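The values are calculated or read from the model by the stated rules, or taken from the named source; none is laboratory data. From a predicted model like this one, the values you see are computed outputs, not experimental measurements. Heads up, the Cβs are rebuilt from the backbone with ideal geometry, glycines too, and the neighbour counts pull from every protein chain shown. Each accessible area value is taken on the protein alone, full model and side chains, heavy atoms only, with ligands, DNA and RNA left out. Shrake-Rupley method; radii C 1.70, N 1.55, O 1.52, S 1.80 Å.
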Amino acid sequence: MSDPLIKLGGVTVLAHDVDDSSAEDAFLADAQRYRRELLAHCYRMTGSLHDAEDLVQETYLRAWKSFKGFEGKSSVRTWLYRIATNTCLTALESRQRRPLPTGLGAPSSDPLDDIVAREEVPWLEPLPDQAVDPADPSVIVGSRESVRLAFVAALQHLSPRQRAVLVMRDVLQWKASEVAEAVGASTAAVNSLLQRARAQLDAVGPREDDELRAPESPEAQDLLTRYIAAFESYDVDKLVELFTADAVWEMPPFDGWYQGPENIVALSKTHCPAEGPGDMRFIRTTANGQPAAALYLLNRETGVHEAFQLHVLDVTAGGIAHVVAFHATTFAPFGLADTA
């Protein structure tokens, strides 16, 4: 067995040239630079930021424990991805998939009907951009596209092994033989899993023509400004002109979803607790590589605007195509305060 290569002080040496504790410390320090991309990987696999953080921690713990068995036949990055993938696969054996309301299979809802919260469902969670954006600006676009809500929600329709194979092949751009080694399968089995995964993703995933505008783009910034203004001024009728004709609105943990600008406006008028201008305040942010805004709702008893929802928007050339309004329990990872 060959000794692993370790970087100490910028110099690559063999592990036997340093004492075990120094080698391990240097190895794990080097491995830490992959934490953000491993977090994104575990998020794609699980649909949960909380689960992803736990699984990254478990990945590093397993790496530390098996450090002496690392032979240096692959890069540290590849080795960590293998551990992370298998850690996710083990965890997903006992966990349900994390859908959005549109993924439950029910038709669109009537905005005038009662809304029903399903707290028992492990809903898909949003991802703060600052948690996973790579340091290299040249790879931010690709990183964002692979964690967009529609893509991660579509991945939830796949089995865990299909998910792993598709992510490693189509997102990480690994060879089939590398994926096979990582998940303990034959290359033929990996190719079969990939073919089925792509077919399922084509059926439920985002359409090719749904090209989303980056959150910093002028189109996205303009639409977000107008969107916030309509809510804060309590002129929700203005929202009609901002949405595309087939726009979708959903708000887990409520299990309904609503399609079309008129239905979205009717839902807001019927079920939004706000009563007039000034009741709502928004703070801009980004989530899943998309423009987002944190909504704070006025508590009339205290006079304080309290955390209410996190709106994540799909902005296309035709307007706002999709809004997922997450519960305020998602605020903390975004560094958002409880009040505004």
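When the charge dipole of the chain is built from unit charges on Cβ atoms (+1 for Lys and Arg, -1 for Asp and Glu) and taken about the Cα centre, the candidate among 42, 316, 67 whose Cα reaches farthest toward its positive end is 67. Among the GluC sites (Glu not before Pro) in the range 204-259, those placed in a DSSP loop whose Cβ has at most 13 other Cβ atoms within 10 Å are 208, 211, 216. For residue 175 and residue 222, the FRET efficiency from 1/(1 + (r/R0)^6), where r spans their Cβ atoms and R0 equals 56 Å, is about 0.85. Placing unit charges on each Cβ (+1 for Lys and Arg, -1 for Asp and Glu) gives the chain a dipole about its Cα centre, and among 156, 102, 88 the Cα reaching farthest toward its positive end belongs to 88. Calculated from the structure, mean projected area of the Cα convex hull in nm² equals which of [x] 19.3; [y] 16.5; [z] 21.6? Of the listed options [x] 19.3; [y] 16.5; [z] 21.6, [x] comes from this structure. Solvent-accessible area per residue in the range 136-292 equals 46 Å², computed with a 1.4 angstrom probe and all protein chains kept.
Considering helices alone, the calculated mean residue ellipticity of the chain at 222 nm is -12000 deg cm²/dmol, with DSSP H runs of length four and up weighted by -39500 (n - 2.57) and normalised per residue.
The residue list 252, 143, 182 was ranked by how far each Cα lies along the charge dipole of the range 124-273 toward its positive end, using unit charges on Cβ atoms, and 182 comes out on top. For the chain, a crude dipole built from +1 on the beta carbon of Lys and Arg and -1 on the beta carbon of Asp and Glu, taken about the Cα centre, is about 1080 debye to the nearest 20.
If I compute solvent accessible area with a 1.4 Å probe over the protein chains, what percent of it on the range 163-254 is carbon and sulfur? The value for the range 163-254 is 48 percent carbon and sulfur by accessible area.
The spacing between the range 142-189 and the range 39-107, judged by their C-alpha centroids, is 12 Å. Across 129, 25, 235, mean-square fluctuation computed from a Gaussian network of the chain (C-alpha pairs under 10 Å connected) peaks at 25.
Among the helices of the chain, those built from whole DSSP H runs whose Cα atoms reach 20 Å or more along their own axis and whose mean Kyte-Doolittle hydropathy is at least -0.5 are 76-92, 187-204, 218-232. Per residue, the average separation of C-alpha pairs within less than 8 Å and at least 6 apart gives the chain a relative contact order of 16 percent.
Restricting attention to the chain, the count of lysine pairs at 8 or more positions apart or across chains with alpha carbons under 17 Å apart stands at 4.
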